[in-house]
Amino acid sequence: MITTIDLEPVNKILAQIELSEKLTNGKIKPAYLIPLLQDIQDEYGYLPRKVLEHVSTISGIPLSRIFGVITFYEQFYMEPQGKHTIKCCRGTACHVKNGQKISDTISEILGIAEGETTEDGLFTFETVACLGTCFLAPVVMIDDQYFGNLTNSEITKIINKYSPKGDMP
Ligand code: FES
């Protein structure tokens, strides 16, 4: 399936940059690359490759540099994300408190592996190095809400609450 990406939103973002002081000799200053990518992700929900190629052409920033920034920062996505993002901590404090089992349970409930999005677009599942709330281990974050001291049955109930269909398989 060929998906057409509308370049109008990114052109508006680039036009705003042009009007500001963020240019040097017609090129976007490197310091503004991250905010630019954030703006694009806010607009599209992720960073489509075609949009990034367009940004590279217009801005003069090499595509390899843009990809370097995207892969360095966990906040950026190159694939569409689910309505809800589930982040399961795989850090040491969570690991020793059964974090792997929680992660396996999430994967099993959703029927997807880490880094994937459910077919209905409802959930994206990620694991992260540390959620910064080790005292709550094992911890899962759904969107901007933390769930700590989790057991397998608790994470199952929590995920079901986010599903409009009720119980997940
Ligand atoms: S190790 Fe899990 S929150 Fe820090």
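What follows draws every value from the coordinates through simple rules; no lab data is involved. Remember, predicted model here, so these are calculated numbers, not experimental data. A quick note on method: Cβ atoms are made from the backbone with ideal geometry, for glycine too, and the neighbour counts reach across all protein chains shown.
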Would you call ALA129 aliphatic (A, V, I, L, M), surrounded by 13 or more Cβ atoms within 10 Å (Cβ to Cβ) and within 14 Å of the ligand (Cβ to nearest atom)?
-> no
If we keep only residues of the stretch 40-60 that are of a type in the set (S, T, N, Q) and surrounded by 13 or more Cβ atoms within 10 Å (Cβ to Cβ), then the residue nearest to the chain's Cα centre (by Cα) is GLN41
Residue check: is GLU154 among the charged types (D, E, K, R) and more than 17 Å from THR85 (Cβ to Cβ)?
-> yes
Go through the stretch 62-114 and give me each residue that's in a helix (DSSP H, G or I), surrounded by fewer than 13 Cβ atoms within 10 Å (Cβ to Cβ) and of a type in the set (Phe, Trp, Tyr).
-> PHE72
Filter the stretch 74-106 for residues that are away from the ligand (no atom under 14 Å from the Cβ) and of a type in the set (Ser, Thr, Tyr) and give the result.
-> TYR77, THR85, THR105
Neighbours by Cβ (under 6 Å, 6+ apart or cross-chain): first from the stretch 56-70, over 17 Å from ILE13 (Cβ atoms); second buried (at least 16 other Cβ atoms within 10 Å of the Cβ) | LEU63/SER56
